[in-house]
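Trainee: Shown below is the structure under consideration.
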Amino acid sequence: MVGADDSHGADPATYDRYRELKRFDESKSGVKGLADSGIASLPRFFLRPPEDIAADRHCSGPAAPTRLEIPVIDLGSLAAGGRPAAVARVLEAGREVGFFQVVNHGIPESVLEGVLAAARAFHELPAEVKVGYYSREMGRKVKFTSNFDLYESKHANWRDTLFCVMGPEPLDPLELPLVCRDMMMEYSRQVKALGTTLFELLSEALGLKPDHLLKMDCAKGHALLGHYYPACPEPDLTMGTTKHSDPDFLTILLQDHIGGLQIYYRDQWVDVPPVAGALVVNIGDLLQLMSNDIFKSVWHRVLANHVGPRLSMACFFTLHLYPTTRMYGPIKEILSEDRPALYRETSLREFVTYYDSKGLDGTSALTHFRLVK
Ligand code: OGA
Ligand code: NI
């Protein structure tokens, strides 16, 4: 039974990591299943390696010299003369921090609260019901999964995910679990519209026509990831999400009030504090590549917590699973003799295959596509 072994895995000589991963995977009940079984200590495959923990001590601590505040950008007055200021702030934030929060973005709080509640309702369905959605199949549009990189990563994360590809091909709502169907469809529609606005602002920030990134299909497809981080009995020993950058053009993240999201900025981990009603926006690897490093796709992570569950809903703008052959490279219009292309072109398929094969190993997938290393 999963959860029966609640020692840290004790004897290294007899510990069979693969067997333990498989046992966890085959339970199809995710991290929540383990948490519900009442374990007091983490199975060994969740433990961060000591060198990871040591690296953290080096780069955080009370003597932090920079107190970064994640920029908050007001989108409320775009039509009333506020657009140039918003574009300037998007450029500044995208270039310097890679992360910002948006307020007055047009998505009502009832929809924000509703979609998190819906995701929670899914994760809190009886295990027997959720089992039917559990999958690791690459091609599945809607799946419940835990640790997409379970077999590749150095350690597992304290997190389960409901993963749904919402476009470009419209998802048949009937594929979504009934408890979250209507809210996910509504949020999907609204977050796509917000994404469109953001790509227009990002295009302008690069000095391009507002529709430039849209014409490159950046808002054409998106996936919703409803993350569930159960309360963790030993949060200091694992992670909710290991440090990574996102394998997409752009991510719009809705987080609840618990906190734990951090970004890596100037050699330190900085909190992205929950702001009621706000959405967190971050540049993905593909937009860093297309912007030839003007925009930064930065490392971020989520701490595990005694308090929980924590819910978040990430919207990845990407053409995941869509058979596009379009090649993505640094945008020609922003290159010059002084600013030569820093990356080679790649197809989305090649990029995502490479990212997934690597798992969240603490390195950037972009390095693989960089011309000048
Ligand atoms: C992600 C991510 C952060 C969060 O889905 O890529 O970084 O707060 N999520 O869940
Ligand atoms: Ni992320």
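The values are calculated or read from the model by the stated rules, or taken from the named source; none is laboratory data. None of the values given here were measured: they were computed from a predicted structure. Cβ atoms come from the backbone with ideal geometry, glycine included; neighbour counts cover every protein chain shown. In case anyone asks, the SASA skips ligands and DNA or RNA and just uses the protein heavy atoms, side chains included. Shrake-Rupley method; radii C 1.70, N 1.55, O 1.52, S 1.80 Å.
Trainee: Do you know which residues across segment 292-307 are part of a loop (DSSP other than H, G, I, E, B) and touching a strand residue (DSSP E or B) at 6+ places or on another chain (Cβ under 8 Å)?
Mentor: Within segment 292-307, Asn292, Phe295, Lys296, Ser297, Val298, Trp299, Leu303, Ala304, Asn305 meet the criteria.
Trainee: Taking segment 148-171 as the search range and keeping residues that are modelled with pLDDT of 95 or more and within 15 Å of ligand 2 (Cβ to nearest atom), which one is nearest to Asp36 (Cα to Cα)?
Mentor: Going through the qualifying residues, I end up with Arg159.
Results for (1) among the aromatic types (Phe, Trp, Tyr); (2) more than 30 Å from Leu47 (Cα to Cα); (3) over 22 Å from the mean Cα position of the chain (by Cα), shown as yes or no for each residue.
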{"position": "Ala156", "(1), (2), (3)": "no, no, no"}
{"position": "Met166", "(1), (2), (3)": "no, yes, no"}
{"position": "Asp172", "(1), (2), (3)": "no, yes, yes"}
{"position": "Leu178", "(1), (2), (3)": "no, yes, yes"}
{"position": "Met185", "(1), (2), (3)": "no, yes, no"}
{"position": "Gln190", "(1), (2), (3)": "no, yes, no"}
{"position": "Gly195", "(1), (2), (3)": "no, yes, no"}
{"position": "Ala205", "(1), (2), (3)": "no, yes, yes"}
{"position": "Pro210", "(1), (2), (3)": "no, yes, yes"}
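Trainee: Further question on the same structure: Take the residues of segment 255-282 that are away from ligand 2 (no atom under 13 Å from the Cβ) and part of a strand (DSSP E or B): which is nearest to Cys180 (Cα to Cα)?
Mentor: Here the residue is Leu279.
Trainee: State which residue is least open to solvent (accessible area, probe 1.4 Å) when the search covers only segment 222-257 and only residues that are away from ligand 1 (no atom under 16 Å from the Cβ) and not charged (D, E, K, R).
Mentor: Pro233
Trainee: Could you tell me whether Gly260 is more than 18 Å from Ala223 (Cα to Cα), surrounded by 19 or more Cβ atoms within 10 Å (Cβ to Cβ) and without any contact (Cβ under 8 Å) to a residue 60 or more places away in the chain?
Mentor: yes
Trainee: Given the condition within 16 Å of ligand 2 (Cβ to nearest atom), of a type in the set (Gly, Ala, Ser), in contact (Cβ under 8 Å) with a residue 24 or more places away in the chain and over 22 Å from Arg140 (Cα atoms), answer yes or no: does some residue in segment 228-244 qualify?
Mentor: yes
Trainee: Is it the case that some residue within segment 78-87 is among the charged types (D, E, K, R), in a helix (DSSP H, G or I), modelled with pLDDT of 95 or more and in contact with a His (Cβ under 9 Å, 6 or more places away or on another chain)?
Mentor: No, segment 78-87 has no match at all.
Trainee: Right, Val103: at pLDDT 95 or above and surrounded by fewer than 16 Cβ atoms within 10 Å (Cβ to Cβ) or not?
Mentor: Yes, satisfied.
Trainee: For segment 325-343, name all the residues that are polar (S, T, N, Q) and either open to solvent by 80 Å² or more (accessible area, probe 1.4 Å) or not in a loop (DSSP other than H, G, I, E, B) (or both).
Mentor: The answer is Thr325, and nothing else.
Trainee: Output the residue which, of all residues in segment 314-340 that are within 16 Å of ligand 2 (Cβ to nearest atom) and touching a Phe, Trp or Tyr at 6+ places or on another chain (Cβ under 7 Å), is farthest from Arg95 (Cα to Cα).
Mentor: Thr318
Trainee: What is the number of the single condition among (1) open to solvent by 50 Å² or more (accessible area, probe 1.4 Å); (2) in a loop (DSSP other than H, G, I, E, B); (3) farther than 24 Å from His300 by Cα that Glu128 does not meet?
Mentor: Single failed check for Glu128: (2).
Trainee: Looking at segment 309-324, is at least one residue more than 13 Å from ligand 1 (Cβ to nearest atom), in a loop (DSSP other than H, G, I, E, B), open to solvent by less than 10 Å² (accessible area, probe 1.4 Å) and at negative phi?
Mentor: yes
Trainee: Considering only segment 131-144, state which residues are closer than 12 Å to Gly226 by Cβ and in contact (Cβ under 8 Å) with a residue 40 or more places away in the chain.
Mentor: Tyr133, Phe144 - these are the residues of segment 131-144 that are closer than 12 Å to Gly226 by Cβ and in contact (Cβ under 8 Å) with a residue 40 or more places away in the chain.
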